[in-house]
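Structure, as structure tokens:
The values are calculated or read from the model by the stated rules, or taken from the named source; none is laboratory data. Quantities reported herein were computed from a predicted structural model and do not represent experimental measurements. Every residue, glycine among them, receives a Cβ derived from its backbone with ideal geometry; neighbour counts consider all protein chains shown.
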């Protein structure tokens, strides 16, 4: 992968002729520092100074005015438009991902907890991402507007996605008619959790399953681990003609019920969840795998952002910096995951900071 090529697509906001450093050099240094276990701009500057010969001779950076200072790195990341950076990195991913047809695209939001103001409950920066777990690709991301929520951000994200033929899953916050219509407009399928606040639709589906589930095909999933166990029974049907309340939901072709019985420390709890989908399939096993697979975005993306990259510990809060660093971390996660060594991603970051050959291997295996 030619990373320089993709970064040249990023529009430079700086005044032409008054810049000491090439934008592509700065962006590559931030990405490499992210891979090499750096937590902030001073550490990234230190890494680049230590590796200046490597950056020039092995990776082809120009560095016409030497290594950019931490202030320069910070200023560029702060004022660079996130949409420009996101667009360039998405184009890089497209070189690997030829099509999303039949692929499972998980959409979910995450608060960047390091941006929570003192005395407040919620972060000032929240990001909604589209994630392909099998490829470890963040397929797209948008920042939630201030004084808004994920409901308004999800349609903007779907609008930007080249998702034709894919299957989009969203938790209950995305169960909105406008979001369903947007997904169908993009020629993708959906499977979305249904909340009780959807009133008549939830009530009609719930009543149908209560009366008919014993006659429907079902699929059981059982998980046991460290003194806890869970059994999930999944029911599915394409019989949606009777749903008067479903007429306004575009391409509502199937409904799914998941009943979960969980035992933790000998205490049993029961939960019931309902989903709606545009898929024309009545295989409960397929829906069970999609529903359980949705949480790959938590386990494989959000978990690594928090634990491997320590995103929630970051105190970078100004302007576009939090969002842009989030994009760099996601791209770093993609590169680290595709390096085939059988060691943890945390160890890979540390090794990349020491071993130039290993850093090249990470970049090569993209």
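Only one of 296, 332 is in contact with a strand residue (DSSP E or B) (Cβ under 7 Å, 6 or more places away or on another chain), in contact (Cβ under 8 Å) with a residue 40 or more places away in the chain and under 18 Å from residue 127 (Cα atoms). Can you tell me which?
Numbers: 332 fails: in contact with a strand residue (DSSP E or B) (Cβ under 7 Å, 6 or more places away or on another chain).
On inspection, the qualifying residue turns out to be 296.
Do we have any residue at all in region 294-317 that's in the same structural domain as residue 228 (by TED's automatic domain parsing), out of contact with any helix residue (DSSP H, G or I) (no Cβ under 6 Å at 6 or more places or on another chain) and in a helix (DSSP H, G or I)?
First pass over region 294-317, keeping only residues in the same structural domain as residue 228 (by TED's automatic domain parsing): none.
No, that holds for no residue.
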Notebook entry, point to check: Got a number for residues in region 148-200 being in contact (Cβ under 8 Å) with a residue 60 or more places away in the chain, under 13 Å from residue 250 (Cβ atoms) and over 21 Å from the mean Cα position of the chain (by Cα)?
Noted result: 2
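Quick test for you: out of 260, 254, pick the one residue that is crowded, with 20+ Cβ neighbours inside 10 Å, without any contact (Cβ under 8 Å) to a residue 40 or more places away in the chain and touching a strand residue (DSSP E or B) at 6+ places or on another chain (Cβ under 7 Å). Let's see the steps before the verdict.
Values: 260 fails: crowded, with 20+ Cβ neighbours inside 10 Å.
When all the criteria are applied, what remains is 254.
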Item checked: Residue selected from region 6-53 under the condition assigned to a helix (DSSP H, G or I) and more than 30 Å from the chain's Cα centre (by Cα), by the criterion nearest to residue 71 (Cα to Cα) -> 49
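Table: residues versus (1) over 23 Å from residue 9 (Cα atoms); (2) outside any loop (DSSP other than H, G, I, E, B); (3) touching a helix residue (DSSP H, G or I) at 6+ places or on another chain (Cβ under 6 Å).
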{"position": "55", "(1), (2), (3)": "no, yes, no"}
{"position": "59", "(1), (2), (3)": "no, no, no"}
{"position": "77", "(1), (2), (3)": "no, yes, yes"}
{"position": "84", "(1), (2), (3)": "no, yes, no"}
{"position": "87", "(1), (2), (3)": "no, yes, no"}
{"position": "123", "(1), (2), (3)": "yes, no, yes"}
Check: Inside region 1-47, can you point out the residues that are crowded, with 20+ Cβ neighbours inside 10 Å and on the phi > 0 side of the Ramachandran plot?
Finding: 37
Margin query: Of all residues being in a strand (DSSP E or B) and under 27 Å from the mean Cα position of the chain (by Cα) in region 260-279, which is farthest from residue 174 (Cα to Cα)? Just the residue, please.
Written below: 260
Margin query: Given the condition assigned by TED's automatic domain parsing to the domain that holds residue 330, in contact with a strand residue (DSSP E or B) (Cβ under 7 Å, 6 or more places away or on another chain), over 20 Å from residue 310 (Cα atoms) and outside any loop (DSSP other than H, G, I, E, B), answer yes or no: does some residue in region 97-112 qualify?
Written below: no
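Results for (1) at pLDDT 95 or above; (2) on the phi < 0 side of the Ramachandran plot, shown as yes or no for each residue.
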residue	(1), (2)
266	no, no
269	no, yes
275	yes, yes
287	yes, yes
Note to self: Filter region 1-32 down to the residues that are under 16 Å from residue 334 (Cβ atoms) and in contact (Cβ under 8 Å) with a residue 24 or more places away in the chain and list them by number.
What the structure shows: 1, 3, 6, 7, 27, 28, 30, 31, 32
Note to self: Quick check on region 189-197. Is at least one of its residues surrounded by fewer than 16 Cβ atoms within 10 Å (Cβ to Cβ) and part of a helix (DSSP H, G or I)?
What the structure shows: yes
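With respect to residue 129, determine if the residue is within 14 Å of the chain's Cα centre (by Cα), modelled with pLDDT of 90 or more and not assigned by TED's automatic domain parsing to the domain that holds residue 275.
Working: within 14 Å of the chain's Cα centre (by Cα): yes; modelled with pLDDT of 90 or more: yes; not assigned by TED's automatic domain parsing to the domain that holds residue 275: yes.
In short, yes.
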Next item on the list: Give region 163-178 a look and list any residue that's assigned to a helix (DSSP H, G or I) and crowded, with 23+ Cβ neighbours inside 10 Å, or say none.
Entry: 174
